[in-house]
Amino acid sequence: MSTVTYNAIGYAAQNAKAPLAPMQFNRRAPRPDDVSIEVLYCGVCHSDIHQARNDWGFATYPLMPGHEIVGKVTAIGSNVTKHKVGDLVGVGCMVDSCRTCSACKEDLEQYCLEGMTQTYASPDRIDGTLTMGGYSSNMVVSEHFVLSIPKNLDPASAAPLLCAGITTFSPLQHYGVEPGDKVGILGMGGLGHMGIKFAKAMGAEVTLFTRSQAKAEEAYRQGADHVIVSTDPEQMKAAAGSFNFLLDTIPVPHDLNPYLETLAFDGVHILVGLIEPVEPALNAFNLVFKRRVLAGSLIGGIAETQEMLDFSAEHGITCDIEMLDIKNINEAFERVVKGDVKYRFVIDMKTLKA
Ligand code: NDP
Ligand code: ZN
């Protein structure tokens, strides 16, 4: 008779067509620099769906998503100094990097020249096993990649800061958004609504570009000063030449040209939602004649993620969430794809025990 025991359980997809289902597995034995974490909450990012369904073509299975993790430290390795047992901590999209390349040395681990180790579906740098994300009972993560959650943040609504938060904070900060700048946020989902909050807290005049007029009221509540319905060509035309920055969170290929036309000269259009080819084609005229910049940005480094958490605590910023029983994760995926969530599902990991 088999007597295999496992030290972790979570929800994973076994292939691109399969729904997520419970899976038992083993987390590694903690190394001297590791922090063991009991997962309390995990946000549901649109990337989790892209990856579970292999939309981007580089998924590996079994795939256990989850990279917006808040939990409690249950044990620490002998070399750990940053965290102690009982601390409330966070884990985002990365759990390791080479730590020696020029990007890592500049605290930009997400751009590690050897490639970062992602929180799920990445081979561990030491033992080669596949990383498993936060839709699970517990995690084992090297302390450098474990964040401190400030005490005055609600732990459940802080979880999505670890991805949706840092992904929107980092480019706004990198491009130096400051009071008086006109910032447009494209799409109001998990990332977009955080983009509105951060841009507003940085002092910008913020406009939401959304497909639905119905979201206007909500956008103002989030702090937007203006709303443009992107499907109305008249409203798009009226905004020509007015923005300094556009933060584009739209998760599917879309026509960039009408948005570029809303940028002032030297304006920057920052892509965070799209990693597929741009369709329809970009008209380079829209860049060249106004010295506009089309840019991309990937999450943020660990030091900057801590800075974002502290900034959020200082400004009282968290995510608007809907708590989720993990049994309903597959329905939740469908609702995210339909845009039917305000604005992030967060799994209450207690429901995993039930
Ligand atoms: P959501 O689904 O929560 O939000 C996306 C928003 O985009 C929607 O709310 C909607 O806003 C708009 N949108 C959706 N479909 C369309 C469409 N067909 N045409 C135009 N607009 C659309 O996703 P997330 O915020 O979780 O993630 C957004 C994207 O960012 C995903 O692709 C995700 O993978 C990516 N991502 C990138 C990261 C990075 O580091 N660069 C990190 C994390 C995520 P509205 O209804 O207002 O129009
Ligand atoms: Zn994410």
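So who's got an amide H within less than 5 Å of the one on residue 322, skipping anything under 5 residues away but keeping other chains? H placed 1.01 Å off N, in plane.
Result for residue 322 returns 343, 344, 345, 346.
Between segment 36-88 and segment 292-354, what is the C-alpha centre distance in whole Å?
When both Cα centres are located, 12 Å separates them.
Mind listing the long-range amide H neighbours of residue 94? Cut-off is under 5 Å, sequence gap 5 or more, other chains count too, H placed in the peptide plane at 1.01 Å from N.
Counting only residues 5 or more places away or on other chains, the set is 119.
Does segment 274-354 classify as rounded, prolate or oblate by the C-alpha gyration tensor (a ≥ b ≥ c root eigenvalues; a/c under 1.5 gives rounded; else a/b over b/c gives prolate, otherwise oblate)?
Oblate shape, in that a/c is at least 1.5 and b/c is the bigger or equal ratio.
With no solvent and one equal point scatterer per Cα, compute the Debye intensity ratio I(q)/I(0) for the chain at 0.06, 0.07, 0.11, 0.12 Å⁻¹ and report its log10, rounded to two decimals.
Result of the Debye calculation: -0.21, -0.29, -0.72, -0.85.
Could you check which residue among 202, 188, 132 shows the biggest mean-square fluctuation in a GNM of the chain with a 10 Å Cα cutoff?
Ranking 202, 188, 132 by mean-square fluctuation puts 202 first.
Considering only DSSP beta bridges whose two residues both sit in the chain, what percent are antiparallel, to the nearest 5?
Numbers: 32 of 58 bridges.
If we restrict to bridges inside the chain, about 55 percent are antiparallel.
How many Å² of accessible area per residue for segment 1-71, probe 1.4 Å?
On the way: 3160 Å² over 71 residues.
In whole numbers, segment 1-71 has 44 Å² accessible per residue.
Could you report the accessible area of residue 297 in Å², rounded to 10, computed with a 1.4 Å probe on the protein chains as they sit in the structure?
The accessible area comes out at roughly 20 Å².
Defining a contact as two alpha carbons under 8 Å apart and six or more residues distant in sequence, what relative contact order in percent does the chain show? Kindly include the intermediate steps, with their values, before the conclusion.
On the way: 811 pairs, mean separation 61.1, N = 354.
Across the chain, relative contact order equals 17 percent.
Exceeding 20 Å between C-alpha atoms, which entries from my cross-link table qualify? They are 72/327; 200/290; 327/353. Write down the numbers at each step before the final one.
Numbers: 72/327 22 Å; 200/290 26 Å; 327/353 11 Å.
Long pairs (Cα-Cα over 20 Å): 72/327; 200/290.
Using a 1.4 Å probe, what is the accessible area per residue for segment 165-296, in Å²?
On the way: 5680 Å² over 132 residues.
Accessible area per residue: 43 Å².
At a Förster distance of 30 Å, what's the computed FRET efficiency of residue 107 paired with residue 351, Cβ-Cβ distance as r, to 0.05? Write out the running numbers ahead of the final one.
Details: r = 36 Å, r/R0 = 1.19.
After rounding to 0.05, the efficiency reads 0.25.
Using only helices, what value at 222 nm comes out for the chain when you add -39,500 (n - 2.57) per DSSP H run of length 4 or more and divide by the total residues, to the nearest 500 deg cm²/dmol?
Details: 12 runs with 87 residues, N = 354.
Calculated mean residue ellipticity at 222 nm is -6500 deg cm²/dmol.
What is the angle, in °, between the Cα long axis of helix 329-338 and the longest principal axis of the Cα atoms in the chain? Nearest 10 is fine, range 0 to 90.
Rounded to the nearest ten degrees, it is 10.
Does segment 242-299 come out rounded, prolate or oblate, given a ≥ b ≥ c as the square roots of the eigenvalues of its C-alpha gyration tensor, rounded meaning a/c under 1.5 and, failing that, prolate meaning a/b above b/c? It would help to have the intermediate numbers written out before the result.
Values: a/c = 1.96, a/b = 1.34, b/c = 1.46.
It is oblate, given that a/c is not under 1.5 and a/b is not larger than b/c.
With contacts defined as alpha carbon pairs under 8 Å and 6 or more residues apart, what's the relative contact order of segment 252-298 in percent? Before the final figure, lay out the partial values.
Numbers: 64 pairs, mean separation 23.8, N = 47.
Relative contact order, segment 252-298: 51 percent.
Largest first and to the nearest Å, give the Cα extent of segment 171-258 along each principal axis.
Reported extents, whole Å, longest axis first: 29, 25, 24.
Over the chain, with a Gaussian network built from C-alpha contacts below 10 Å, which listed residue (252, 141, 268) shows the highest mean-square fluctuation?
So, out of 252, 141, 268, the one fluctuating most is 252.
If the elastic network links every pair of Cα atoms under 10 Å, which of 285, 243, 209 fluctuates the most in the Gaussian network model of the chain?
Checking each option, the largest mean-square fluctuation is seen for 285.
Roughly how many percent of the accessible protein surface of the chain is carbon and sulfur, given a 1.4 Å probe and a whole-percent answer? Intermediate values should be presented prior to the final figure.
Details: 8330 of 15290 Å².
Result for the chain: 54 percent of the exposed heavy-atom area is carbon or sulfur.
Please determine, in degrees from 0 to 90 and to the nearest 10, the orientation of helix 190-201 with respect to the longest principal axis defined by the Cα atoms of the chain, where the helix direction is its Cα long axis.
Relative to the chain, helix 190-201 is tipped by roughly 60 degrees.
Kindly express, to the nearest 10 degrees and within the range 0 to 90, the angle between helix 302-315's C-alpha long axis and the longest C-alpha principal axis of the chain.
Helix 302-315 and the main axis of the chain meet at about 70 degrees.
Quick one: compute the contact order of segment 165-296, relative version, from alpha carbon pairs under 8 angstrom and 6+ residues apart, as a percent. It would help to have the intermediate numbers written out before the result.
Working: 265 pairs, mean separation 27.3, N = 132.
Worked out over segment 165-296, it gives 21 percent.
The values are calculated or read from the model by the stated rules, or taken from the named source; none is laboratory data. Every value quoted in this text rests on a predicted model; they were computed, and no experiment measured them. Virtual Cβ from ideal backbone geometry, glycine too; neighbours counted across all protein chains shown. For accessibility, only protein heavy atoms count, side chains too; no ligands or nucleic acids. Shrake-Rupley method; radii C 1.70, N 1.55, O 1.52, S 1.80 Å.
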